[in-house]
Structure formats: C-alpha cells, structure tokens
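The values are calculated or read from the model by the stated rules, or taken from the named source; none is laboratory data. Quantities reported herein were computed from a predicted structural model and do not represent experimental measurements. Cβ atoms come from the backbone with ideal geometry, glycine included; neighbour counts cover every protein chain shown. Protein only, heavy atoms only, side chains kept; ligands, DNA and RNA dropped before computing areas. Shrake-Rupley method; radii C 1.70, N 1.55, O 1.52, S 1.80 Å.
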Amino acid sequence: MGEFVEAIKGFLQGFVQDTGLTIVRTIAFLVLGLIVIKIVQTITRNVSLRSSKLDNSAATFVISVVTVVLYVALIIVLVTSLGFSTAGIIAGFSAVALAIALALKDSLGSLANGVIIIFNKPFKKGDYVRIGDYDGLVQDIRLFNTKILTYTNEEIIIPNSEVLSKELINYSTMPLRRVDIELPVPYGSDVSAVKAALLERTRSYKYVVTSPAPSAVLSAYGDSALKISVRAWTPNENYWDTLFDLKESYYELLTEKGIAIPFNQLDVHIVSGQEEAAKTEDKK
C-alpha cells in the first residue's frame, strides 16, 4: 500500500513539474499573446485609418495581414511551448498551402491584383470608370473583386484579375473634362457665322469654363453636310449636364437661325410592269 501511494505521489510530482508546468506556461503564453495581438491590432488600425497615404481598403488590408501574421506567430509559440517540433508543422503547412495555391490559382491572381489596385490606386471609391465593356461608379474595392454601379442601377462585380488585364479608363481623375459635340450643317452655310453663334451660346452656358476656352472648328466634309465640332471644358461633376444641355441648346439655336439639320434621304421610284416592258421595246 505504501509503495502504491509513493507511486501516485511520484506521478503527481512529475506531472506538476513537467506536464503541468508546460500547460500553465502555454496558457500564459496564450493569454499574453491574445493581449499583444489586441494591442497591436488597435495601434495598426489607428495608424492605418489616420494615414493620408492609405484609403479604407488599403488600411483594412494592412490590418488583416498584420492580424494573420500575429496569429500564425502565436500558434508557433504555443506549439513550441508544448514541446512539439515546429519543423513538421511548418512542412505540413507548406504542403497544404501549395495545394490550396494550385487549386485557387485564379483567385490568388485576383488577390494579387487586388493588392496592386489597393496600393497603386488607379481608381478609388466613387470614381466613374470604364473597365472593358462596363462603365459606372466604383462602389467597393475588395481583395478579390471590384464592384461598380451603372447609371441604370445595375451592380456589376468584376474579378480583379480582369480589372488590370483590360482597358481601364478613369473619368474622375482630372478636375475638368472636355465636351465634344459634332453638328451637321448644310453645304452652302456661312460657316463663320454658324461657328460664332455656337461659340456665343457655349460661352453663356453656366458650367462652361473660360480657361481652356471653348472652340468650334469645321471638322469634316460629310456626304450630305458639313460637320462642325464644338469643344467646351466643364468641371468633371457637371459633364453630363453640360453635354445634354448644350445639345438641346444648339438644336434650338440652329432652328432660330433657320438652319435645317441635314439628314440622309433616299428617293425610291416605282416603275410598273407595262412601263418597264415599253422601255425594253424602245431599247430594242
């Protein structure tokens, strides 16, 4: 009986000195690690969101990367504290990561392009852009895709792997945009007088700026009309109002001046069967 009790005491003493100490140390590392992660997350979030060089998307990405790195480091510390070899775990993790990378290569391509978009900033939230065949306002920039909203209220989600591989036009980058309107006028019109009237109407419009100054040029000789191009600069946010208002205003101006806008016409002559036969006889 005494030997059994001594054996129990030896087991408990060994457990406390070895395993118990390891568990307590690991729990302490876990608690301390979670506290450190929380503090670092808070500091990173405050610094990233206040930085003028990072927008919200980039700040969120930085916070996510820092969080993942910290948790991976904490896991390695806990595994080491428990006495396990980290070499096998790292090798296994690498194998799993490679398999995931091969299975999700397209998604990883979108992820890489998402990082490029976030930090290079070819466009930002609220910009009016054209990506390939789609155009609209940028609603959100994510790591894997970009969401735009068209003017017909359609939401389009484009993978980031396609965003950088297609033609990208950002219409919101510059403060001014040029409105180009081409007007057909009949041959024989007084081109100088028409240009002067169009320029006067253009300069009087509220959104047209004086510098750069608007211009009107004879741009082409059409099949049935002369083509006069009017070019005017306007603030970016007033582009569409300026375009449509000037088109309507120019039509009213030409109507007031008695200048008819030419259009293609097709004259069709119908010949009856008897007339066709008579013409054929005459030719013989």
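For this structure, a couple of remarks:
- Odd one out for ILE75, checked against (1) at pLDDT below 85; (2) β-branched (Val, Ile, Thr); (3) open to solvent by less than 60 Å² (accessible area, probe 1.4 Å): (3)
- Condition broken by ALA216, with the remaining ones in (1) touching a residue at least 24 places away in the same chain (Cβ under 8 Å); (2) surrounded by 17 or more Cβ atoms within 10 Å (Cβ to Cβ) satisfied: (1)
- Any chance VAL230 is surrounded by 14 or more Cβ atoms within 10 Å (Cβ to Cβ), in contact with a Ser or Thr (Cβ under 8 Å, 6 or more places away or on another chain) and under 19 Å from SER249 (Cβ atoms): yes
- Restricting TYR207, TYR221 to those that are in contact with a helix residue (DSSP H, G or I) (Cβ under 7 Å, 6 or more places away or on another chain), open to solvent by 60 Å² or more (accessible area, probe 1.4 Å), among the aromatic types (Phe, Trp, Tyr) and modelled with pLDDT of 90 or more reduces the list to TYR207.
A quick yes/no check of all residues on (1) free of Cβ contacts under 8 Å to residues at least 24 places away in the same chain; (2) part of a loop (DSSP other than H, G, I, E, B); (3) open to solvent by 50 Å² or more (accessible area, probe 1.4 Å):
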position: GLU162; (1), (2), (3): no, no, yes
position: LYS166; (1), (2), (3): no, yes, yes
position: ILE169; (1), (2), (3): no, no, yes
position: SER172; (1), (2), (3): no, yes, no
position: SER189; (1), (2), (3): no, yes, no
position: VAL194; (1), (2), (3): no, no, no
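- For the stretch 119-136, a residue qualifies if it is open to solvent by less than 60 Å² (accessible area, probe 1.4 Å) and within 10 Å of the chain's Cα centre (by Cα), and the qualifying residues are PRO122, PHE123, GLY126, ASP127, TYR128, VAL129, ILE131, ASP135, GLY136.
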